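Enquirer: Please see the structure below; I have some questions.
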Amino acid sequence: MTVTLEQRADAFRRLDEAKLAFARRDWFPGTSGNLSIKLSDDPLQFAVTASGKDKTKLSPEDYLVVDGESRPVEPTALKPSAETLIHAVVYKRIPQAGACFHVHTVWNNLVSELYFGQRAFSIQGQELIKGLGIWEENARITIPIVENFAHIPTLAAAIDKVITPDVPGVLIRNHGIYAWGANDFEAKRHLESFEFLFEYHVRWLQLRQNAVSLTHTS
Ligand SMILES: CSCCC(=O)C(=O)COP(=O)(O)O
Ligand SMILES: [Zn+2]
């Protein structure tokens, strides 16, 4: 299937919108983060952020289109995100994924380190679990956590082993989160829901610890 110039331009415009929304929340510290939107399944092609850019800004050189091996499909001086392979793994493992967003936040880093020993973080009974598309009563979700291998093919292979269609995200230890959805709207909703759950959980642990300390000193 050929990707038209209109589809390419529409994906770039949608990536601009997602990027600015996340930038407003300070979710791209130090040029971190990368975003993609799928353009075709067969052959796999997706629009992805160029590597090392300041993702709080817009420029005509922010995105390029790559194939399933993370190679640019058109002549360009731009380098795809260093983590493009992870986006490719998500699209291959979860065929229903149409957009994939990666951000580094303090909350997702704290949760990834706190629960790395269990290789997963679980949370139950929170309304925002519905934001992940899971509507059962008192639902519990479990997001996997992988080691932060510096060698990206090793990191991508570790992610490939643990992701499932049941939960639309994966944490990388002391690095960040990848979250995906059927399209950019859904991937954003999933990412925001995960971040709410992480922040709630860490703040709740802190409050509980403070309450215990007060009880012991009074
Ligand atoms: C400065 S952050 C280190 C690389 C990283 O984790 C990241 O998300 C950004 O890499 P990219 O090549 O996509 O700019
Ligand atoms: Zn990263």
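The values are calculated or read from the model by the stated rules, or taken from the named source; none is laboratory data. Nothing here was measured: the structure is a model prediction, and the numbers come from that model. Positions of Cβ are backbone-derived with ideal geometry, glycine not excepted, and every protein chain shown enters the neighbour counts. Only protein heavy atoms, including side chains, enter the accessible area calculation; ligands, DNA and RNA are left aside. Shrake-Rupley method; radii C 1.70, N 1.55, O 1.52, S 1.80 Å.
Enquirer: Take segment 1-37 and flag every residue that is of a type in the set (S, T, N, Q) and either within 16 Å of ligand 2 (Cβ to nearest atom) or open to solvent by less than 30 Å² (accessible area, probe 1.4 Å) (or both).
Expert: Of everything in segment 1-37, those that are of a type in the set (S, T, N, Q) and either within 16 Å of ligand 2 (Cβ to nearest atom) or open to solvent by less than 30 Å² (accessible area, probe 1.4 Å) (or both) turn out to be 31, 32, 34, 36.
Enquirer: Can you name the residue in segment 109-129 that is free of Cβ contacts under 8 Å to residues at least 60 places away in the same chain and part of a helix (DSSP H, G or I) and, of all such residues, is farthest from residue 187 (Cα to Cα)?
Expert: Here the residue is 117.
Enquirer: So, of the residues in segment 27-37 that are among the hydroxyl-bearing types (Ser, Thr, Tyr) and not in a loop (DSSP other than H, G, I, E, B), which turns out to be nearest to ligand 1 (Cβ to nearest atom)?
Expert: Filtering segment 27-37 for residues that are among the hydroxyl-bearing types (Ser, Thr, Tyr) and not in a loop (DSSP other than H, G, I, E, B), the one nearest to ligand 1 (Cβ to nearest atom) comes out as 31.
Enquirer: May I ask you to list the residues in segment 79-119 that are surrounded by fewer than 16 Cβ atoms within 10 Å (Cβ to Cβ) and either of a type in the set (A, V, I, L, M, F, W, C) or at pLDDT below 95 (or both)?
Expert: Once the filter is applied, which keeps residues that are surrounded by fewer than 16 Cβ atoms within 10 Å (Cβ to Cβ) and either of a type in the set (A, V, I, L, M, F, W, C) or at pLDDT below 95 (or both), segment 79-119 yields 82, 106, 114.
Enquirer: I've got another one for you. Name the single residue, out of those in segment 104-124 being among the small types (Gly, Ala, Ser) and in contact with a strand residue (DSSP E or B) (Cβ under 8 Å, 6 or more places away or on another chain), that is farthest from residue 54 (Cα to Cα).
Expert: Residues of segment 104-124 among the small types (Gly, Ala, Ser): 112, 117, 120, 122.
Now drop any that are not in contact with a strand residue (DSSP E or B) (Cβ under 8 Å, 6 or more places away or on another chain), which leaves 112, 120, 122.
On the way: 112: 25, 120: 31, 122: 33 Å.
Among those residues, the one meeting the criterion is 122.
Enquirer: One residue is enough: does segment 201-218 have a residue meeting the conditions touching a residue at least 24 places away in the same chain (Cβ under 8 Å) and of a type in the set (Ser, Thr, Tyr)?
Expert: For segment 201-218, residues touching a residue at least 24 places away in the same chain (Cβ under 8 Å) and of a type in the set (Ser, Thr, Tyr): absent.
Enquirer: Here's another thing I want to ask about it. Is there any pair linking a residue in segment 43-64 that is part of a loop (DSSP other than H, G, I, E, B) to one that is of a type in the set (Val, Ile, Thr), with Cβ under 8 Å and at least six apart or on different chains, and which?
Expert: If the second residue must be of a type in the set (Val, Ile, Thr), the pairs left are 52/31; 53/31; 54/31; 55/31; 55/49; 62/49.
Enquirer: To continue, here is another question. Kindly provide the set of residues from segment 38-60 that are touching a Gly at 6+ places or on another chain (Cβ under 7 Å) and either within 16 Å of ligand 1 (Cβ to nearest atom) or open to solvent by less than 20 Å² (accessible area, probe 1.4 Å) (or both), ordered by number.
Expert: 55 - this is the single residue of segment 38-60 that is touching a Gly at 6+ places or on another chain (Cβ under 7 Å) and either within 16 Å of ligand 1 (Cβ to nearest atom) or open to solvent by less than 20 Å² (accessible area, probe 1.4 Å) (or both).
Enquirer: Oh, and also: For segment 12-26, what are the residues that are outside any loop (DSSP other than H, G, I, E, B) and under 17 Å from the mean Cα position of the chain (by Cα)? Explain how you work it out, then say what you get.
Expert: Let us first name the residues in segment 12-26 that are outside any loop (DSSP other than H, G, I, E, B), namely 12-24.
Listed by number, the residues that qualify are 14, 15, 16, 17, 18, 19, 20, 21, 22, 23, 24.
Enquirer: Of the residues 79, 38, 55, only one is in contact with a Lys or Arg (Cβ under 8 Å, 6 or more places away or on another chain) and of a type in the set (Lys, Arg); which?
Expert: Selected residue: 55, the only one of 79, 38, 55 that is in contact with a Lys or Arg (Cβ under 8 Å, 6 or more places away or on another chain) and of a type in the set (Lys, Arg).
Enquirer: Counting only residues that are over 18 Å from the mean Cα position of the chain (by Cα) and touching a residue at least 24 places away in the same chain (Cβ under 8 Å), which one in segment 69-95 is farthest from residue 175 (Cα to Cα)? Spell out the reasoning first.
Expert: Going through segment 69-95, the residues over 18 Å from the mean Cα position of the chain (by Cα) turn out to be 69, 71-79.
Going one step further and asking which of them are touching a residue at least 24 places away in the same chain (Cβ under 8 Å), we end up with 73, 78-79.
On the way: 73: 29, 78: 24, 79: 21 Å.
Among residues in segment 69-95 that are over 18 Å from the mean Cα position of the chain (by Cα) and touching a residue at least 24 places away in the same chain (Cβ under 8 Å), the one farthest from residue 175 (Cα to Cα) is 73.
Enquirer: A further question follows. Might you check whether a residue that is among the aromatic types (Phe, Trp, Tyr) and touching a Pro at 6+ places or on another chain (Cβ under 8 Å) occurs anywhere in segment 180-190?
Expert: Yes: segment 180-190 contains one or more residues that are among the aromatic types (Phe, Trp, Tyr) and touching a Pro at 6+ places or on another chain (Cβ under 8 Å).
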